[in-house]
1. Answer with yes or no whether Arg46 is surrounded by 15 or more Cβ atoms within 10 Å (Cβ to Cβ) and free of Cβ contacts under 8 Å to residues at least 40 places away in the same chain.
2. Kindly provide the set of residues from the stretch 30-39 that are in a helix (DSSP H, G or I) and either without any contact (Cβ under 8 Å) to a residue 24 or more places away in the chain or surrounded by 19 or more Cβ atoms within 10 Å (Cβ to Cβ) (or both), ordered by number.
3. Quick test of your reading of the structure: Asn98 fulfils all but one of (1) under 30 Å from Ser12 (Cβ atoms); (2) in a helix (DSSP H, G or I); (3) at pLDDT 85 or above; (4) not hydroxyl-bearing (Ser, Thr, Tyr). Name the failing condition by number.
4. Kindly indicate whether Val20 is at pLDDT 95 or above and within 26 Å of Ile68 (Cβ to Cβ).
Amino acid sequence: MRVESGELKKASVITEKSYVFALKVVALARAIRKQGEYELASQLIRSGTSIGANVEEAQNGFSRADFIAKIGIALKEAAETRYWLRLLRDSQLSPKDNISQAILDVEELHRILASIVKTSREKPPPQLSILHPQLSAKRLRS
């Protein structure tokens, strides 16, 4: 798949930011588990680390459609993660400062991912020529 330089730059930024976010989610989930909130911690870690995993998979997509699909999944996981973080904040199960920053971080990821999906869908796929050049020339002369 041919990726435009602007898309590559965005992809690099989202790859790094989603990985750093996943590390924060792991630490936060560990703290939540210590409070005995195993289910919420598990939900948070599943969705929060899935963002980066899907971004990584998108980087190795077989086609533009595959890339968009994987980034779309990461976008949905970011929305789910935001839900779990809001639930943790509003149920007062974790220090508000930790949760508030994590919510800001996931909202930033969500905006970047939405932008990548939108840009990728708007750009037309590159035209591929599968005809042999000599055969094409013969057809034009006929």
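The values are calculated or read from the model by the stated rules, or taken from the named source; none is laboratory data. Here the structure is a predicted model, which means the values were calculated and not measured. Cβ placement follows ideal geometry from the backbone for every residue including glycine, while neighbour counts extend to all protein chains displayed.
1. Taking the combined requirement at face value, the residue satisfies it.
2. From the stretch 30-39, those in a helix (DSSP H, G or I) are 30-34, 38-39; that's our starting set.
Once the filter is applied, which keeps residues that are in a helix (DSSP H, G or I) and either without any contact (Cβ under 8 Å) to a residue 24 or more places away in the chain or surrounded by 19 or more Cβ atoms within 10 Å (Cβ to Cβ) (or both), the stretch 30-39 yields Arg30, Ile32, Arg33, Lys34, Tyr38, Glu39.
3. For Asn98, the failing item is (3).
4. Numbers: at pLDDT 95 or above: yes; within 26 Å of Ile68 (Cβ to Cβ): yes.
Criteria met by Val20.
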